[in-house]
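A.B. asks: This is the structure I have questions about; it appears just below.
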Amino acid sequence: MLDEIKAKISAEVETLTRELNVELPDRIRKAVELGDLRENAEYKSALERQQFVQARIGHLAWRMSELAKIDVTDIPADRVGFGSRIRVANLPLGTETTFTIVAGDYIDLEKGHISLDSPIGRGLLGAREGDEVAIRLPVGERRFRVVELETLPQQLEGEG
């Protein structure tokens, strides 16, 4: 999972760097050729995009440094944490859902990702297989049972 996230960040940085170094200077040059910069919407738009791209690249660099600090050996092998794949039962509704706990920047609902910082992510953090937890959600309190748990260390062990 960490490698997948790092690859996703690297790909985005590569795309943004190309935009910053090739595409945006070309847009700015063409806008300057149009004349008066005070009322040139193309010029202003290109400069705003340039600032956004620079800020995003900075944020992604910070995320990469944070990911480099993650030591998989420090992640418990028997409790919900970053990277855990979990199947939970929503006790009041009698339904089951499977998802993976990820960092907030990498949520992909179609893949079943849920943020570690979300109410459900925080509520399940540290739970073990079989545990029941009560989580306060915007719609009120919900009770969940961890039906199945595969932690990041377990996933990595299975790859080896």
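The values are calculated or read from the model by the stated rules, or taken from the named source; none is laboratory data. Given the structure is predicted, the values throughout are model-derived calculations rather than measurements. Heads up, the Cβs are rebuilt from the backbone with ideal geometry, glycines too, and the neighbour counts pull from every protein chain shown.
A.B. asks: Restricting to the range 121-160, count the residues that are acidic (Asp, Glu) and part of a strand (DSSP E or B).
C.D. replies: First, pick out the residues of the range 121-160 that are acidic (Asp, Glu): 129, 131-132, 141, 148, 150, 157, 159.
Subset that is part of a strand (DSSP E or B): 132, 141, 148, 150.
Residues meeting the conditions: 4.
A.B. asks: Let me ask something additional. Identify, by number, the condition in (1) in contact with a strand residue (DSSP E or B) (Cβ under 6 Å, 6 or more places away or on another chain); (2) farther than 30 Å from Glu141 by Cβ that Ala31 doesn't meet.
C.D. replies: (1)
A.B. asks: List the residue pairs whose Cβ atoms are under 7 Å apart, where the first residue sits in the range 101-127 and is within 19 Å of Glu66 (Cβ to Cβ) and assigned by TED's automatic domain parsing to the domain that holds Thr151, the second is among the acidic types (Asp, Glu) and at pLDDT below 90, and the two are 6 or more positions apart or on different chains.
C.D. replies: From the range 101-127, the pairs are Gly104/Asp117.
A.B. asks: Ok, one more. Of the residues Glu19, Glu42, Glu23, only one is without any contact (Cβ under 8 Å) to a residue 12 or more places away in the chain, acidic (Asp, Glu) and either part of a helix (DSSP H, G or I) or farther than 17 Å from Val102 by Cα (or both); which?
C.D. replies: Details: Glu19 fails: without any contact (Cβ under 8 Å) to a residue 12 or more places away in the chain; Glu42 fails: without any contact (Cβ under 8 Å) to a residue 12 or more places away in the chain.
After ruling out the rest, the residue left standing is Glu23.
A.B. asks: While we're looking at this one, here's another question. Just the residues that are free of Cβ contacts under 8 Å to residues at least 40 places away in the same chain and either surrounded by 15 or more Cβ atoms within 10 Å (Cβ to Cβ) or in contact with a Cys (Cβ under 6 Å, 6 or more places away or on another chain) (or both), please, taken from the range 132-160.
C.D. replies: Hits for the range 132-160 are Val133, Ile135.
A.B. asks: Related question: Does the range 79-120 hold any residues that are in a strand (DSSP E or B) and not hydrophobic (A, V, I, L, M, F, W, C), and which are they?
C.D. replies: Our first condition is that a residue be in a strand (DSSP E or B); within the range 79-120, this holds for 85-90, 95-102, 113-115.
Those that are in a strand (DSSP E or B) and not hydrophobic (A, V, I, L, M, F, W, C): Arg85, Arg87, Asn90, Thr95, Glu96, Thr97, Thr98, Thr100, His113, Ser115.
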